Amino acid sequence: MSFSKTIQREVDGESVPGTYLQAFIKNGRHFFVTEIKIYKDGMIDCWGFVDFEGFQEKIRSGWVRTRLPEGARVSMMESLNFTATDVKAGVEEVEFVKQVADEILSLNKKPTSAHFCGEALRQYKQDPTESNRERLRTAYEAVPKHMRLFLGDMDSKDWEYKRILDEKNSD
């Protein structure tokens, strides 16, 4: 059985493809598990449609959350409610924003932060200067932290990036 995160919505009779990520909506004193729907045209449905800038404001205001405070009241679907205890930190909101931006790029078949990071790594390996290392650092930091493990292969993850970025200046 395959699982697809592909969604779509209709706009003026045209289909707009999208995808979704899970997060929480803080509505009043309760947190609701929901799908943050991201579309190719840059619109994001987080219990109401907003553009990317509007989404960033929803994050800043605390409407969209990726982490729960200890003791949070959580609702999931209509029939499941619970209090969160022993909460482990989730994805930081700033990193979630980066991931949403990458999803929009991906839906538009444009290079994502991971692509630019890979390009910066190739450039550094061809010409290992300090300025290329800094370009690599900037590109690496643009990739959402929780997605950096996928930069390398299944075994090495982002080890090569970390090794290069942690090296002492060699110029």
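Tabulated values for the structure
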quantity	calculated
Residues that are of a type in the set (D, E, K, R) and either surrounded by fewer than 13 Cβ atoms within 10 Å (Cβ to Cβ) or in contact with a Phe, Trp or Tyr (Cβ under 6 Å, 6 or more places away or on another chain) (or both), drawn from the stretch 8-25	E10, D12, E14
Qualifying residues in the stretch 26-58 (those that are assigned to a loop (DSSP other than H, G, I, E, B), open to solvent by less than 70 Å² (accessible area, probe 1.4 Å) and free of Cβ contacts under 8 Å to residues at least 60 places away in the same chain) - the one farthest from T85 (Cα to Cα)	M43
Members of the stretch 62-109 found to be more than 16 Å from F32 (Cβ to Cβ) and of a type in the set (K, R), listed by number	K88, K98, K109
Qualifying residue in the stretch 97-112 (condition: farther than 30 Å from E57 by Cβ and of a type in the set (G, A, S))	no
Subset of the stretch 113-133 that is open to solvent by less than 30 Å² (accessible area, probe 1.4 Å) and among the hydroxyl-bearing types (S, T, Y) - its residue that is nearest to K145 (Cα to Cα)	S113
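A quick yes/no check of all residues on (1) β-branched (V, I, T); (2) farther than 22 Å from T6 by Cβ:
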position: T83; (1), (2): yes, yes
position: G90; (1), (2): no, yes
position: V94; (1), (2): yes, yes
position: V100; (1), (2): yes, no
position: I104; (1), (2): yes, no
position: L107; (1), (2): no, no
position: S113; (1), (2): no, no
position: L121; (1), (2): no, yes
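The values are calculated or read from the model by the stated rules, or taken from the named source; none is laboratory data. Keep in mind that what you see is a predicted model, and the values were worked out from it rather than measured. No Cβ is skipped: glycine too gets one built from the backbone with ideal geometry, and neighbour counts run over all protein chains shown. In case anyone asks, the SASA skips ligands and DNA or RNA and just uses the protein heavy atoms, side chains included. Shrake-Rupley method; radii C 1.70, N 1.55, O 1.52, S 1.80 Å.
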